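Report on the structure given below.
The values are calculated or read from the model by the stated rules, or taken from the named source; none is laboratory data. Note that the structure is a prediction, hence the values are computed from the model and not measured. Cβ sites come from the backbone with ideal geometry, for glycine too, and all protein chains shown count toward neighbours.
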Amino acid sequence: MIDLRSDTVTRPTASMRAAMVSAEVGDDVYGEDPTVALLEDRVAGLFGHEAALFMPTGSMANVLAVRSLVAPGQEVLCESAAHIARAELGAHGAYSGVTMRTWHHPRGQVDLAMVRTLFAPDMGPFFVRTAAISVENTHNFAGGAVLPLSDLRDLRDFATGVGASIHMDGARIWNAHVATGTPLRDYGAIADVMAVCLSKGLGAPVGSLLVGSRDTVAEARIWRKRMGGGMRQVGILAAAGLHALDHHVERLADDHAHARLLAAACGVDPDGVDTNIVVVPRPDAPDFVLRAADAGVRVATVGPTTVRLVTHLGVTRADAEVAAGLLAGLV
Ligand SMILES: *Cc1c(COP(=O)(O)O)cnc(C)c1O
């Protein structure tokens, strides 16, 4: 079986496991895990921010990041298919009292004209105030689409001008960095607070980080514990993240090439595939998934008429070629 359902299905490599076994650890709730501290400092530095905080999931990092910018009863603007709007089960409302309004873009891009239209300044006791704007780079449900730096810079200028903050869901920011050559620091400069994942294309078994100012991270540390996310000798997992940063970033270019190969096989224009996710429109999506599984390729639906293929660390060039051949026989 070649598994293209998600880039979360990777298993730690032998050398990643070796790094985990030999990690120095301590109680991270006491702030005494040296490997976690190393990872947090390193990731903060990569994005040019003061601090970072390791936590179990990207969803938790997004929840804590957005709540650091948006008070209960205020709103965050985002694209309508954003992970924070669609795939976190309403966490921002359920836990943080945050409301959302959305703009729609088929490729998940920033629509600055719509952001300007939606943006609501503080109007006292009459209207919901827009406290933050959230962007997702790369955009998961838009097929791993990259948000161009120039659009992000224009959004940053707008947000600064109106006194709004920016949250970046950078679960796959590494893919955007490798696909475009944009330095991670340039992406970091756009956002007040970011969330980044180690457990997607980077291939770590667990782990995400919130990235921001020292004050934001100090407050997020309290909320992480409050939500049950204070972990103890977790350097064993942070070591996997450090290993991934050393060994699994540049290789994302292979995943991107494999995704284009699969796109072509499924009748999708490879030039529309920015990174490691291929969205295939199929009126028979659930049936296609079953037929693909029978043929030896696991794929997933992200809607009744949409199939998604995701390449990752566990898919070799040979696997991608075999999967392309099998899928081409089904389309
Ligand atoms: C996977 C993902 C997350 C976080 O997911 P978890 O499963 O909670 O780690 C956040 N944003 C995007 C865009 C994602 O793809």
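Going through Asp271, Asp255, Asp287, Asp246 one at a time, which residue ends up being assigned to a helix (DSSP H, G or I), under 19 Å from Pro205 (Cβ atoms) and free of Cβ contacts under 8 Å to residues at least 60 places away in the same chain?
Asp246
In the set Asp33, Asp27, Asp41, which member is more than 16 Å from the ligand (Cβ to nearest atom), of a type in the set (D, E, K, R) and crowded, with 24+ Cβ neighbours inside 10 Å?
Asp33
Yes/no per residue for (1) modelled with pLDDT under 95; (2) of a type in the set (Val, Ile, Thr); (3) within 16 Å of the ligand (Cβ to nearest atom):
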site: Ala91; (1), (2), (3): no, no, yes
site: Gly97; (1), (2), (3): no, no, no
site: Gly108; (1), (2), (3): no, no, yes
site: Leu118; (1), (2), (3): no, no, no
site: Arg129; (1), (2), (3): no, no, no
site: Arg153; (1), (2), (3): no, no, no
site: Thr160; (1), (2), (3): no, yes, no
site: Ile173; (1), (2), (3): no, yes, yes
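Matching residues to (1) at pLDDT 95 or above; (2) within 22 Å of Lys200 (Cβ to Cβ); (3) in contact with a strand residue (DSSP E or B) (Cβ under 8 Å, 6 or more places away or on another chain):
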| position | (1), (2), (3) |
| --- | --- |
| His49 | yes, yes, yes |
| Met55 | yes, yes, yes |
| Val70 | yes, no, yes |
| Gln74 | yes, no, yes |
| Ala87 | yes, yes, no |
| Ala94 | yes, no, no |
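Conditions (1) on the phi < 0 side of the Ramachandran plot; (2) surrounded by fewer than 24 Cβ atoms within 10 Å (Cβ to Cβ); (3) part of a loop (DSSP other than H, G, I, E, B), marked per residue:
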residue: Val135; (1), (2), (3): yes, no, no
residue: Leu152; (1), (2), (3): yes, yes, no
residue: Ile190; (1), (2), (3): yes, yes, yes
residue: Leu202; (1), (2), (3): yes, no, yes
residue: Asp215; (1), (2), (3): yes, yes, no
residue: Gly228; (1), (2), (3): no, yes, yes
residue: Met231; (1), (2), (3): yes, yes, yes
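So, of the residues in the stretch 1-24 that are closer than 13 Å to Ala239 by Cα and among the β-branched types (Val, Ile, Thr), which turns out to be surrounded by the most Cβ atoms within 10 Å (Cβ to Cβ)?
Thr13
Using beta carbons and a limit of 8 Å, which pairs, at least six apart or on different chains, have the first residue in the stretch 320-331 and under 11 Å from Phe288 (Cα atoms) and the second one part of a loop (DSSP other than H, G, I, E, B)?
Here the result reads Leu327/Cys266; Leu327/Val299; Val331/Cys266; Val331/Gly267, each pair linking the stretch 320-331 to a residue that is part of a loop (DSSP other than H, G, I, E, B).
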